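The values are calculated or read from the model by the stated rules, or taken from the named source; none is laboratory data. Since the structure is predicted, the reported quantities are computational estimates derived from the model, not experimental observations. Methodologically, a virtual Cβ is constructed for each residue, glycine included, from the backbone with ideal geometry; neighbour enumeration extends over all protein chains shown.
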Amino acid sequence: MSTNKKQISRIRQMERRLNRAQKAAQRLESALDKWLATMDDIAALNEYYGSELWRQDLADDEAGLLPDGLKRGVLSEDGIWNLLAGSKELKERLSQAAQQS
């Protein structure tokens, strides 16, 4: 039985593509599950950002009324804004990807 070198090469190449695509799909599915599980968090941050509560928390921080060791990334304007903007962009990319398949 003779083997066709082109055929063997093609099968090996397609096997590599299959393996790469399967691994990427598994990683994406896992990451998407984790991201979707944070939708309530993102919605709550969206509501909080720029609200009266957020403004009061920021003012109290600037007045030195909050404990020194308190993490306060949510009071930086860039922290929440970057997350919200990134989430919106990610949703758009996912929508575009879904339309391509």
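Of the residues in the range 13-64, how many are among the small types (Gly, Ala, Ser) and more than 22 Å from Asp78 (Cβ to Cβ)?
6
With the requirement that a residue be more than 20 Å from Trp35 (Cβ to Cβ) and either modelled with pLDDT of 95 or more or not in a helix (DSSP H, G or I) (or both), what does the range 76-101 give you?
Ser76
From the list Asp57, Asp68, Asp41, exactly one residue is outside any helix (DSSP H, G or I), on the phi < 0 side of the Ramachandran plot and either surrounded by 10 or more Cβ atoms within 10 Å (Cβ to Cβ) or not basic (Lys, Arg) (or both). Which is it?
Result of the check over Asp57, Asp68, Asp41: Asp68.
Could you grab the pairs with beta carbons closer than 9 Å, sequence gap of 6+ or different chains, first residue in the range 73-99 and touching a residue at least 12 places away in the same chain (Cβ under 8 Å), second one part of a helix (DSSP H, G or I) and hydroxyl-bearing (Ser, Thr, Tyr)?
From the range 73-99, the pairs are Val74/Tyr48; Ile80/Tyr48.
Among the residues of the range 71-97, which ones are exposed (fewer than 11 other Cβ atoms within 10 Å of the Cβ) and more than 16 Å from the chain's Cα centre (by Cα)?
Within the range 71-97, Lys71, Gly73, Asp78 qualify.
Condition first: free of Cβ contacts under 8 Å to residues at least 24 places away in the same chain and over 18 Å from the mean Cα position of the chain (by Cα). Can you find one or more residues in the range 28-46 that meet it?
Within the range 28-46 (the criterion being free of Cβ contacts under 8 Å to residues at least 24 places away in the same chain and over 18 Å from the mean Cα position of the chain (by Cα)), the answer is no, since none of the residues qualifies.
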